[in-house]
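Chemist: Encoded as structure tokens, here's the structure I'll be asking about.
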Amino acid sequence: MSKILVIIGAPGAGKGTQARKLSEKYGYPQISTGDILRAMAEADTPQGRRLREIMTAGKLVGDDILADLIQARTSQGDCKTGYIFDGFPRTLNQAYTLDKLARRQRKQILLIRIVVNEDVLFKRLTGRWSCPKCGEIYNIYFRPAKREGLCDLDGEPLLQRNDDKPEAVTRRFEEYWATAAMIDYYKRSGRLIEVDGDSPVDVVFDKLCAVIDAQ
Ligand code: AP5
């Protein structure tokens, strides 16, 4: 049965970093709800402006928008044999939506939560810069670009996200702790697999691959 790999975890846990590597290894497309919403927020429309406001403040976007977004994205041809969710689901309602989607698409969900200590997370977020062209993620403390401020892969100037400012990061952590009900839902149904994310990127990646290959 084809799979939906679901990577969840606190802001900065390394979901995006790992989902990109998993996508390369397993050939499944990475679906980052954060990236899709950031692209939607750039539009100069009432919805774009509203999304910008919500996301810059570090709050969660409404479940109805997420339901439409993932339905549209996962109906595309590249998702037929499987895909990777990075940052979805985050609420109990979104978890129910995902279960329904998996049943409809006849896919098996494999959910992994990357767990990292909060002090480390703060440094990861406030030190993060990424390439607007290819999406490669860097960190001034843990994974600096070879030439300061420029992408190693294509030389594009790196950008910092609006919501990586300290006030927004604090708000994002608060929103994350509110996902406890969703995490509990997966725990109670015996579907929560946790991986320690407080090690170098390649070590975390090997742990994730071991879990995936064991299924
Ligand atoms: P989103 O873009 O998903 O942000 P997030 O969950 O806050 O997660 P991040 O992208 O900040 O972190 P990450 O875990 O991907 O870590 P990364 O790999 O980049 O969402 C943004 C916003 O969109 C939300 O606040 C919300 O408004 C909205 N949204 C999105 N999905 C939604 C949903 N389902 N429902 C409602 N609203 C939604 O790594 C971080 C840094 O750490 C990088 O610099 C990286 O280089 C470094 N790093 C990573 N791994 C390691 C490691 N092992 N060791 C050292 N450094 C590392």
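The values are calculated or read from the model by the stated rules, or taken from the named source; none is laboratory data. Values in this document were obtained by computation on a predicted structure and should not be read as measured data. We place every Cβ from the backbone using ideal geometry, glycine too, and count neighbours over all the protein chains shown. The area values use the complete protein model at the heavy-atom level, side chains included, leaving out ligands, DNA and RNA. Shrake-Rupley method; radii C 1.70, N 1.55, O 1.52, S 1.80 Å.
Chemist: Would you compute, for the Cα atoms of the stretch 91-144, the largest minus smallest coordinate along each principal axis and list the three values in descending order, in whole Å?
Modeler: The Cα atoms of the stretch 91-144 stretch 42, 30, 17 Å along the principal axes, largest first.
Chemist: Here's something else I'd like to know. Just the number please: accessible area per residue for the chain, 1.4 Å probe, all protein chains included, in Å².
Modeler: It amounts to 52 Å² per residue over the chain.
Chemist: Tell me what the chain gives for mean residue ellipticity at 222 nm when only DSSP H runs of n ≥ 4 count, each as -39,500 (n - 2.57), the sum divided by the residue total, rounded to 500 deg cm²/dmol.
Modeler: Only helices count here, giving -14500 deg cm²/dmol.
Chemist: Hey, another quick one. Rounded to whole Å and sorted largest first, what semi-axes of the equivalent ellipsoid does the C-alpha gyration tensor of the stretch 62-179 yield via the square root of 5 times each eigenvalue?
Modeler: 30, 20, 13
Chemist: Once you put a point 7 Å from the Cα of GLU148 and another 7 Å from the Cα of LYS80, both along the Cβ direction, what distance in nm separates them?
Modeler: For the pair GLU148/LYS80, the computed spacing is 4.9 nm.
Chemist: On to the next question. If you look at just the Cα atoms of the stretch 46-115, how large are its Rg and its Dmax in Å?
Modeler: Gyration radius and largest Cα-Cα distance of the stretch 46-115: 13.4, 37 Å.
Chemist: Which loop-located chymotrypsin sites (Phe, Trp or Tyr not before Pro) does the stretch 141-191 contain, where loop means any DSSP state but H, G, I, E or B and the Cβ has at most 12 other Cβ atoms within 10 Å?
Modeler: Answer by residue number: TYR141.
Chemist: Now, a different point. Identify the trypsin sites (Lys or Arg not before Pro) of the stretch 119-198 meeting these criteria: DSSP loop state and at most 16 other C-beta atoms within 10 Å of the C-beta.
Modeler: LYS133, LYS146, ARG147, ARG161, ARG191
Chemist: May I pose another question? Could you tell me which of GLY82, ILE36, GLY48 has its Cα farthest along the dipole of the stretch 16-84 towards the positive end, charges placed at Cβ (Lys, Arg +1; Asp, Glu -1), taken about the Cα centre?
Modeler: GLY82
Chemist: As a quick test, which of the pairs LYS3/LYS133; LYS100/LYS187; LYS80/LYS165; LYS100/LYS165 have an alpha carbon distance above 30 angstrom in this structure?
Modeler: Too far apart for the 30 Å limit: LYS80/LYS165; LYS100/LYS165.
Chemist: Take the Cα coordinates of the stretch 10-130, assign each an equal point scatterer, and use the Debye formula without solvent to give log10 I(q)/I(0) at q = 0.13, 0.17 Å⁻¹.
Modeler: Result of the Debye calculation: -0.57, -0.99.
Chemist: Next question. More than 11 angstrom separation, counting every C-alpha pair in the stretch 117-161; what % is that?
Modeler: Summing the P(r) tail past 11 Å for the stretch 117-161 gives 60 percent.
Chemist: Shifting gears a bit: Roughly speaking, to the nearest percent, how much of the chain's 1.4 Å accessible area is carbon and sulfur?
Modeler: 51 percent
Chemist: Any number yet on Rg/Rh for the chain, C-alpha, Kirkwood?
Modeler: Taking Rg over the Kirkwood Rh, I get 0.94.
Chemist: Something else about it: Which is the longest part of the chain that has none of the GluC sites (Glu not before Pro) sitting in a DSSP loop with at most 12 other Cβ atoms within 10 Å?
Modeler: By the stated rule (loop sites, at most 12 other Cβ atoms within 10 Å), 43-147.
Chemist: Something else: Multiply the residue gap between ARG50 and TYR141 by 0.36 nm, knock off their C-alpha separation, and tell me the result in nm, one decimal place.
Modeler: So the chain would gain 29.5 nm between ARG50 and TYR141.
Chemist: Within the stretch 44-91, which trypsin sites (Lys or Arg not before Pro) sit in a loop by DSSP and count at most 15 neighbouring Cβ atoms inside 10 Å?
Modeler: Passing both the DSSP loop test and the Cβ count: LYS59, LYS80.
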